[in-house]
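Beneath this line is the structure, given in structure tokens, with notes to follow.
The values are calculated or read from the model by the stated rules, or taken from the named source; none is laboratory data. Computed from a predicted model, the values in this text were never measured in an experiment. All Cβ positions, glycine included, derive from the backbone under ideal geometry; neighbour counts span all protein chains shown. Just the protein is used for accessible areas: all its heavy atoms, side chains included, with ligands, DNA and RNA removed. Shrake-Rupley method; radii C 1.70, N 1.55, O 1.52, S 1.80 Å.
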Amino acid sequence: MRILITGGAGFIGSNLAWSLLSGGHEVHVIDDMSRGKLSNLHPAVLTRTLDITGPALPEAVAAIAPDVVVHLAAQTSVSASLADPQRDWSVNVEGTRAVARAAREVRAKRVLSASSAAVYGEPVRIPVHETDVKKPANPYGRSKLEAERVLAQELRGSGTDFASLRFSNVYGPRQDWQGEGGVVAIFSAAMTRKEAPVVYGTGKQTRDFIYVGDIVAAISRAIVADTDLAEQGDDGPAYNISTGTETSLEGLVAALRLVSGYLGPIRTCPAREGDVERSALDPSKFFETTGFRANVPMESGLERTVEWLARQG
Ligand SMILES: NC(=O)c1ccc[n+]([C@@H]2O[C@H](COP(=O)([O-])OP(=O)(O)OC[C@H]3O[C@@H](n4cnc5c(N)ncnc54)[C@H](O)[C@@H]3O)[C@@H](O)[C@H]2O)c1
């Protein structure tokens, strides 16, 4: 299959590109390299450095003529979304509109667009179901929710199937640990260097951590799904991609102590604006639709992450 990954030089996209390539697919990437790295990609991945919000996008997508588009390109930093909500909106909402339109023009079979647990904000129950209240706690979450609406607006009835995949907290190799990466990457990097991890808030706040290999496997399953993903059950095209398990930041630190051997102190700082207290997403709908369930235990995922970090020097 010919597959286009937008944002394919980033953390999730580059892991997906490697996996799809080894599965025999023709893989194309469009990425503006604002956070992605060319060095993340195998030379056999056909890569164009391009902004999805720019005028060159339709022609580039037409030249590729993909069967499936996996849309991952986004402004992904919560703090950047607080500092510049307009830029966040432009990339995440208007960028999604541009990608959906370009995919529709070339009659792609399917568009899979990355959404996020951030669309729910503070949950009313755990684990969160797709139909639960959506009250994003920051501009990033608001832009992701609007991107879902725009995707449906552009593609419903067009003949191009689509889905918004609401990832929980993804971690694993190639995640940025230097800037504002995920908490697992930042804690792992600190603890493998025998430095104290910085916990914002009480440490009791929870997240639903999912290994990037599970995310790649879920997207791969969605690519080949033989049902219409846009119209399945509650909340139509939205699917949680998650484990359904809550882990506290304290619990994460404890697990990382075992993997990294770090026994030193932890630094604490006041809670950050825009962070929720609890999060875990119910993955049943995606399982019932595709038969996929996340299956990498946290200890193995953390081991692989720490091993990868150790190789980065
Ligand atoms: N990592 C997570 O925990 C997580 C959780 C939920 C949802 N998501 C979503 O998954 C997707 C991938 O996230 P990631 O963690 O790999 O992030 P990432 O920042 O590593 O990757 C995003 C990629 O998009 C590219 N990009 C940004 N703006 C662009 C633009 N205007 N044009 C072209 N390319 C552009 C960046 O260069 C980067 O390579 C995002 O849509 C994100 O919102 C991630």
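Only four residue types carry charge here, +1 at the Cβ of Lys and Arg and -1 at the Cβ of Asp and Glu. Report the dipole size of segment 161-261 about the Cα centre in Debye, rounded to the nearest 20.
740 debye
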**OP:** Report, largest value first, the span of the C-alpha coordinates of segment 150-224 along each principal axis, in whole Å.
**Re:** 53, 24, 21
Subject >> Cβ-placed point charges (K, R +1; D, E -1), dipole of the chain about Cα centre in debye, nearest 20 >> reply: 460 debye
Subject >> Rounded percent of accessible protein surface that carbon and sulfur make up, the chain, 1.4 Å probe >> reply: 51 percent
**OP:** Give me the Debye-computed log₁₀ of I(q)/I(0) at q = 0.18, 0.21 Å⁻¹ for segment 143-290, equal point scatterers on Cα only, no solvent, two decimals.
**Re:** -1.08, -1.30
**OP:** At most 12 other Cβ atoms within 10 Å and a DSSP loop assignment: could you name the trypsin sites (Lys or Arg not before Pro) in segment 49-150 that fit?
**Re:** R107, R125
Original post:
If you take the charge dipole of segment 171-313 about its Cα centre, with +1 on Lys and Arg Cβ and -1 on Asp and Glu Cβ, which of L302, V224, T289 is farthest toward its positive end?
Top reply: L302
**OP:** Considering Cα pairs under 8 angstrom that are at least six residues apart, work out the relative contact order of segment 119-168 and quote it in whole percent.
**Re:** 29 percent
**OP:** Could you give me the percent of Cα pairs per 20 Å distance bin for the chain, shortest bin first, beginning at zero and ending with the bin that holds the maximum distance?
**Re:** 34, 59, 6
Original post:
Once the Cβ-Cβ distance between K194 and T268 is put in as r, and R0 is 22 Å, what FRET efficiency do you end up with, to the nearest 0.05?
Top reply: 0.75
**OP:** Express in whole angstrom the spacing between the alpha-carbon centres of segment 161-194 and segment 53-80.
**Re:** 21 Å
Original post:
Do any of K144/K204; K37/K144; K109/K144; K37/K204 go past 29 Å between their Cα atoms, and which?
Top reply: K37/K204
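Which of the GluC sites (Glu not before Pro) across segment 242-302 are loop residues per DSSP, with 14 or fewer other Cβ within 10 Å? Before the final figure, lay out the partial values.
Working: sites: E246, E250, E273, E277, E288, E299; in loops: E246, E273, E277.
In loop regions of segment 242-302 (DSSP not H, G, I, E or B), the sparsely surrounded GluC sites (Glu not before Pro) are E273, E277.
Return one whole number: the accessible area per residue of segment 119-238 in Å², for a 1.4 Å probe.
38 Å²
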Subject >> Two-decimal log10 I(q)/I(0) for segment 31-183, as the Debye equation yields it once each C-alpha is a single scatterer, q = 0.11, 0.12, 0.15 Å⁻¹ >> reply: -0.45, -0.53, -0.84
